[in-house]
Amino acid sequence: MPWVVREAVRDINRAVGRRWRAIDPLLPDPGTLPAGCGAPLVVTGDNGRMAGLGVCVHQRIPPQSLNQTWGAADRFTLVPRLPGQDIAASAGLLLSQWRDHLAGIGAARGPDTSASVVWPSLDISGIQALLRHGLQPLTVIAARTRPNGPPSPPRRAFGATIRPAGPADEERVLDLELRLIRYDLHFGGPVWREATARLVRDEVRASLTKTDPWTWLAERNGRAVGLLVAQPPQEAGWIAGMTSKSPAAYLQTMFVDAQERGTGIGAALVRNLHVRLDGMGVAATLLHHSQVNPLSAPFWYRMGYRPLWTSWEARPASALR
Ligand SMILES: CC(C)(COP(=O)(O)OP(=O)(O)OC[C@H]1O[C@@H](n2cnc3c(N)ncnc32)[C@H](O)[C@@H]1OP(=O)(O)O)[C@@H](O)C(=O)NCCC(=O)NCCS
């Protein structure tokens with residue numbers, strides 16, 4: 001990249017950082033732009049200067065990776081950097097360029113593809129442009145920050161007990177994990193793959209053999225009826241950069257048996273985790289939930305989480321317009 005362009009990109013990144021900080025203090029500084037699958041897409045302002053840019057990142061997720069269950073096999077992600085006043089206009093220009101860029105890529109035309117933009121949830125300025133281009137708000141990264149006061153004790157769910165899971169719980173944990181994926185299939189996020197059940201089992205087995213697996217089961221009348229799996233900061237590095245707060249943990253799985261919902265089991269599992277996180281000084285806890293899951297958003301916001309990033313997606317990628 002020539003020196004003048006590098007300087008312009010640095011200025012844009014700084015201005016985006018100032019905007020993000022004003023919109024939401026939990027947003028991080030914008031990172032350096034990743035290498036894209038083509039030249040950066042550049043939005044030019046009326047004065048002829050660079051008014052914003054974006055990079056298209058292409059990931060091909062192999063079938064033997066559990067990650068393929070969480071979305072399309074070919075993922076095209078636009079990483080935007082829009083600093084100016086008129087975000088709606090520059091987002092529209094950038095999205096049009098991106099659509100034209102994807103139209104020239106053979107791998108973006110298949111059925112198992114997605115085009116997505118991860119946008120700050122509190123930045124409402126670009127939403128009209130995202131909608132106009134056929135993107136749907138599919139998934140939210142929600143965040144909870146550590147409260148200032150002393151941690152509240154875990155709430156008790158009548159007749160239920162919470163205990164850490166171990167290697168002997170593989171079948172119980174697997175069953176609840178697979179039921180969660182089947183439930184989430186309704187919301188257009190995950191895709192059930194041939195290898196899904198086997199790969200989830202491998203992951204469950206590997207995680208339950210750790211000294212401290214960060215997996216908890218809720219039991220009622222001797223039956224496992226609830227599951228919570230989390231990642232401590234040392235395992236959550238892959239998502240920690242999505243927030244300015246550090247250290248950050250990740251809440252990976254949360255499921256309560258349909259017959260047992262609304263009786264306090266979910267809250268008891270979450271508060272049990274929060275006591276631990278708050279006690280060890282974790283500054284922020286992140287999680288993903290589907291925007292259109294009618295049970296998760298009310299529950300998470302009741303538990304102290306709020307939206308941080310929204311993933312806007314067109315699936316297949318050719319649905320981007
Ligand atoms: C989301 C889920 C885990 C909640 O578990 P739960 O055991 O039913 O929740 P609780 O009974 O402990 O409810 C805790 C609080 O949230 C509220 N709440 C829970 N679900 C709610 C909903 N759908 N709408 C409104 N409030 C809700 C409860 O009223 C309760 O409030 P209170 O503290 O004032 O009493 C459960 O519905 C579930 O497993 N859903 C399917 C899987 C899923 O969506 N997982 C989350 C994926 S990100």
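The values are calculated or read from the model by the stated rules, or taken from the named source; none is laboratory data. All figures in this text were calculated on a predicted structure; none of them were measured in a lab. Neighbour counts are summed over all protein chains in view; Cβ atoms, including those assigned to glycine, are modelled from backbone coordinates with ideal geometry.
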- Task: Just name the residue that is nearest to residue 226 (Cα to Cα) out of those in the stretch 271-296 that are among the hydrophobic types (A, V, I, L, M, F, W, C) and near the ligand (Cβ under 8 Å from one of its atoms).
- Result: 295
- Item | Boolean, residue 218 is hydrophobic (A, V, I, L, M, F, W, C), over 23 Å from the mean Cα position of the chain (by Cα) and within 10 Å of the ligand (Cβ to nearest atom) | yes
- Within the stretch 225-265, tally of residues that are within 13 Å of the ligand (Cβ to nearest atom) and either aliphatic (A, V, I, L, M) or closer than 20 Å to residue 204 by Cα (or both): 16
- Message: I'd like to check something: does the stretch 206-217 contain any residue that is within 18 Å of residue 261 (Cα to Cα) and not aromatic (Phe, Trp, Tyr)?
- Response: yes
- Can you confirm whether the stretch 230-239 contains a residue that is at pLDDT 95 or above and in contact with a Lys or Arg (Cβ under 7 Å, 6 or more places away or on another chain)? no
- Message: I'd like the residue in the stretch 258-273 that is β-branched (Val, Ile, Thr) and closer than 11 Å to residue 158 by Cα and, out of all such residues, is surrounded by the most Cβ atoms within 10 Å (Cβ to Cβ).
- Response: 265
- Query: Taking residue 192, is it among the aromatic types (Phe, Trp, Tyr) and either over 30 Å from residue 317 (Cα atoms) or assigned to a helix (DSSP H, G or I) (or both)?
  - Reply: no
- Task: Could you tell me which residue of the stretch 39-55 is surrounded by the fewest Cβ atoms within 10 Å (Cβ to Cβ), considering only residues that are out of contact with any helix residue (DSSP H, G or I) (no Cβ under 6 Å at 6 or more places or on another chain) and closer than 18 Å to residue 96 by Cβ?
- Result: 46
- Task: Mind listing whichever residues of the stretch 157-175 are among the basic types (Lys, Arg) and under 13 Å from residue 229 (Cβ atoms)?
- Result: 172
- Task: Within the stretch 148-156, identify whether any single residue is in contact with a Leu (Cβ under 9 Å, 6 or more places away or on another chain) and assigned to a helix (DSSP H, G or I), and answer yes or no.
- Result: no
- Filter the stretch 283-298 down to the residues that are among the hydrophobic types (A, V, I, L, M, F, W, C) and in contact with a helix residue (DSSP H, G or I) (Cβ under 6 Å, 6 or more places away or on another chain), then identify the one that is nearest to residue 115 (Cα to Cα). 292
- Query: Condition test on residue 201, is it more than 22 Å from residue 152 (Cβ to Cβ), part of a helix (DSSP H, G or I) and more than 16 Å from the ligand (Cβ to nearest atom)?
  - Reply: yes
- Looking at the stretch 162-177, which of its residues are of a type in the set (A, V, I, L, M, F, W, C), more than 12 Å from the ligand (Cβ to nearest atom) and in a helix (DSSP H, G or I)? 168, 173, 174
- Within the stretch 188-229, residues crowded, with 18+ Cβ neighbours inside 10 Å and aliphatic (A, V, I, L, M) come out as 199, 200, 204, 208, 217, 218, 224, 225, 227, 228, 229
